[in-house]
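Engineer: Shown below is the structure under consideration.
Since every read-out is calculated from the coordinates, none of them should be taken as a lab result. Small disclaimer: the values here were computed from a predicted structure and weren't measured. Ideal geometry is used to build each Cβ from the backbone, glycine not excepted, and the neighbour counts take in all protein chains shown.
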Amino acid sequence: MLKKLLLAVVVVLALFAVFVATRPSSYRVSRAQAIAAPPSSVYGFVADFHQWEKWSPWAKLDPAMKTTYAGPVAAAGSSYAWTGNDKVGEGRMTIVEAKPGERVRIRLEFIKPFASTNSTEFEFTPKAAGTQVTWTMVGQNGFVGKAFSVFMDMDKMIGNDFDKGLSQLKAVAEAEKAPAAAAAR
């Protein structure tokens, strides 16, 4: 009886391992938001890591989070590193491309709670009423990441944070635009 039970467990685990192995090895999460502010204004809040605490969906999760900045501000080579509680973990972002008013590409490295490296991109598309901001993250899953994806939907999990961050970016950029417009009258 015990032999049959152990054999059944081994078969189930083997089937699960085969299923996990067939899961996609990459993932992509993307969200967009219309913001009533010019691309150059919105771009500044993203390209300058010092501005992230104003709108980042993770900035308020750990008030004691330690952050460091290095490199030129709002340009390729600029970096932002953080160490915080279990909600924010530890990692680093480095700008790999910065085209003012158009695009910011970032190398995103998570150190804790588990190591991974992703590519993140913000695109700023001019629209009649302001800017369409698209925030995209692309990453690779190893076996553990594939197993995790069986139980957690990466698009929903990260996408909700992107939605929150874009909404906060919208509020900050539009609030900054309002006093400038009033002063111009």
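Engineer: Answer with one residue from Trp52, Val104, Thr68: the one whose Cα lies farthest towards the positive end of the charge dipole of the range 23-184, charges on Cβ with Lys, Arg +1 and Asp, Glu -1.
Structural biologist: The listed residue farthest towards the positive side: Val104.
Engineer: Also, I was wondering about something else. Using amide H atoms built in the peptide plane, which far-off residues or other-chain residues are under 5 Å from Ala59 H to H?
Structural biologist: The answer is none.
Engineer: What is the diffusion coefficient of the range 1-143 in µm²/s, taking the Kirkwood radius over Cα pairs and the Stokes-Einstein relation at 37 °C with a viscosity of 0.692 mPa s?
Structural biologist: It diffuses with D of about 187 µm²/s by this estimate.
Engineer: How many lysine pairs does the range 23-184 hold where the Cα atoms are under 13 Å apart and the two sit 8 or more places apart or on different chains?
Structural biologist: So the count of such lysine pairs works out to 6.
Engineer: May I ask you to sort Met1, Met137 by Cβ crowding, counting other Cβ atoms within 10 Å and putting the fewest first?
Structural biologist: Least crowded to most crowded, the residues run Met1, Met137.
Engineer: So, with +1 on the Cβ of K and R and -1 on the Cβ of D and E, and no other charges, what is the size of the charge dipole of the range 23-184 about its Cα centre, to the nearest 20 debye?
Structural biologist: Rounded to the nearest 20 debye, it is 200 debye.
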